[in-house]
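Structure record follows, encoded as structure tokens.
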Amino acid sequence: MDSQRREATREGPKQGPREGRSGNGVALAALSICESLLISLMERGLLDEAELEEVLESARDANLQAEPGPFSRGDHAEAAALLRQILVRCRVARPDRRP
């Protein structure tokens, strides 16, 4: 590693990961990372479809039960609704599962 890269690594980022960024951009980046990780786990045989549903259900339930803090109840409700839509699509794609 050259000295400039080593120095930049030591200093860390000039601003935090969310500074100067919109909430939508941060959310979309997080969603993309999670989606890629879940697909990779499934492709490698480390996560099957039933386990994927469990992960999505757990995330949905956590948002339904979350207390307001950095995110409002409305934000959590919106996240839970999106997770429910994803679950429904997963189940529609698999006729052996309930919608």
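The values are calculated or read from the model by the stated rules, or taken from the named source; none is laboratory data. What you are looking at is a predicted structure, and each value in this text was computed from that prediction instead of being measured. Cβ sites come from the backbone with ideal geometry, for glycine too, and all protein chains shown count toward neighbours.
Quick rundown of the values:
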quantity: Residue match in region 34-45 (condition: among the polar types (S, T, N, Q), within 13 Å of the chain's Cα centre (by Cα) and either exposed (fewer than 10 other Cβ atoms within 10 Å of the Cβ) or at pLDDT below 90 (or both)); calculated: yes
quantity: Cβ pairs under 8 Å, 6+ apart, first in region 31-53 and without any contact (Cβ under 8 Å) to a residue 24 or more places away in the chain, second surrounded by 11 or more Cβ atoms within 10 Å (Cβ to Cβ) and assigned to a helix (DSSP H, G or I); calculated: LEU38/LEU52; LEU38/VAL55; MET42/GLU49; MET42/LEU52; LEU47/LEU38; LEU47/LEU41; LEU47/VAL55; ASP48/MET42
quantity: Neighbours by Cβ (under 7 Å, 6+ apart or cross-chain): first from region 76-88, within 10 Å of GLU57 (Cα to Cα); second polar (S, T, N, Q); calculated: ALA80/ASN63; LEU83/ASN63
quantity: Identity of the residue in region 50-77, surrounded by 14 or more Cβ atoms within 10 Å (Cβ to Cβ) and among the acidic types (Asp, Glu), that ends up nearest to GLY23 (Cα to Cα); calculated: ASP75
